[in-house]
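Below is one structure, written out as C-alpha cells; the observations come after it.
The values are calculated or read from the model by the stated rules, or taken from the named source; none is laboratory data. Given the structure is predicted, the values throughout are model-derived calculations rather than measurements. Neighbour counts run over all protein chains shown; Cβ positions are idealised from the backbone, glycine included. Ligands, DNA and RNA are stripped out before the accessible areas are found, and what is left, the full protein with its side chains, is counted by its heavy atoms. Shrake-Rupley method; radii C 1.70, N 1.55, O 1.52, S 1.80 Å.
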Amino acid sequence: MQTLLIVSHPDIIESGSQQYFLNSIKKHSNITIHHLEHLYPDGKIDVAKEQDLLKQHERIIFQFPFYWYSATPFIKKWQDEVLGEGFGYGTKRQPLAGKEFGLVMMIGVAEREYQAGGEELFSISELTKPFQAMANKLGMVYLRPLPVFQFFYMEEEEKMNNLIKYWQLLTMDKDISLATREKWLIEQLEQIVNPDEAFSPLTFAIERIQANRDKIDELKMVLDDMFLK
C-alpha cells in the first residue's frame, strides 16, 4: 500500500513535533511526504500534478497543526483547488472512491479539554466532521484520526506510543487481527529504527508487545481453567 502524506505547516523546521514524526519515516519506501509550503512557496498549486499523486496512492493522510479547530489555510486552499467538481465529485467515475483518508493533528491543548464540560467544549470527532463529510463526498473510507496532544509535555514513553500509532495510521492495513498487528509492528520497526541504539522505539515496542502477549496468554489460561472446572 502506498500512502501520500500531505503535510502543511508554515514553519516546519522549527516545529519539534513535526520533525519528530517526519524524521522517523524519511526512509520508508511506501510513504510519500508531500509538504505543501515547501513545494509551493508562491502558493500556486499544480492541480494536475496533485490529482495524479492522489491517483497513485491508496491512502491519503493530512498532517497539520490544529488551528482554530481546523486545518491550516494551505490545506483548505488545496482542498478547494484539487478536489473540485469534475475530479473529486460530479462525475460518474470518482477517482478517489475506495481510497482511505485520515488525519494527523498536532494540538497544543490538553486532551481533557476536548469534551463536554472541557474548556474547548467539543470533542475532536465533532470538530473534524467537515473532513468526515469530505471523505464521504469523495467516496473515501474515513480512518480514525490521530490527534497528538501537547507533544512537548510528553514523557519519552508517551512520545513513542504516539509514534507507533503514527506508523500504524500510515502503513497498517485497516481492521486486522492482534497477531497481525504484532507482526506488522516488529517488521516496521526493524525497517525504520537502528536496533543497535541503546534505547530505541524498537526495543521499547518489542518489550510492550511481549508484555501484552504475556497478559493475553495468562488470561487465556485463567479462562481455560474456569471452563474446565
Expressed in nm to one decimal, what extension gain is obtained for the pair THR32 and VAL141 from 0.36 nm per residue of sequence separation less their Cα-Cα distance?
37.3 nm
Where segment 93-150 is the region considered: accessible area per residue in Å², 1.4 Å probe:
51
Binned at 10 Å from 0, what are the whole-percent values of the Cα-Cα distance distribution for segment 1-73, short to long?
17, 50, 31, 1
For segment 1-63 and segment 81-126, what is the separation of their Cα centres, given in Å?
16
Between MET1 and ARG93, what is the label-to-label distance in nm when each label sits 7 Å out along the Cα-to-Cβ direction?
2.5
Flagged links, alpha-carbon separation over 23 Å, of LYS49/LYS174; LYS129/LYS183; LYS55/LYS137; LYS99/LYS174:
LYS49/LYS174; LYS129/LYS183
Spelling it out for VAL7: with amide H atoms placed in the peptide plane at 1.01 Å from N, the residues 5 or more places away or on another chain with amide H under 5 Å from its amide H are HIS34, HIS35, LEU36, GLN63
Please give the solvent-accessible surface of HIS57 in Å², to the nearest 10, using a probe radius of 1.4 Å with every protein chain present.
10
Plugging the Cβ-Cβ distance of ASN212 and PHE122 into 1/(1 + (r/R0)^6) at R0 = 35 Å yields, to the nearest 0.05, a FRET efficiency of 0.60
Take the Cα radius of gyration of segment 59-126 and divide it by 2.2 N^0.38 Å, with N its residue count; two decimals is plenty.
1.39
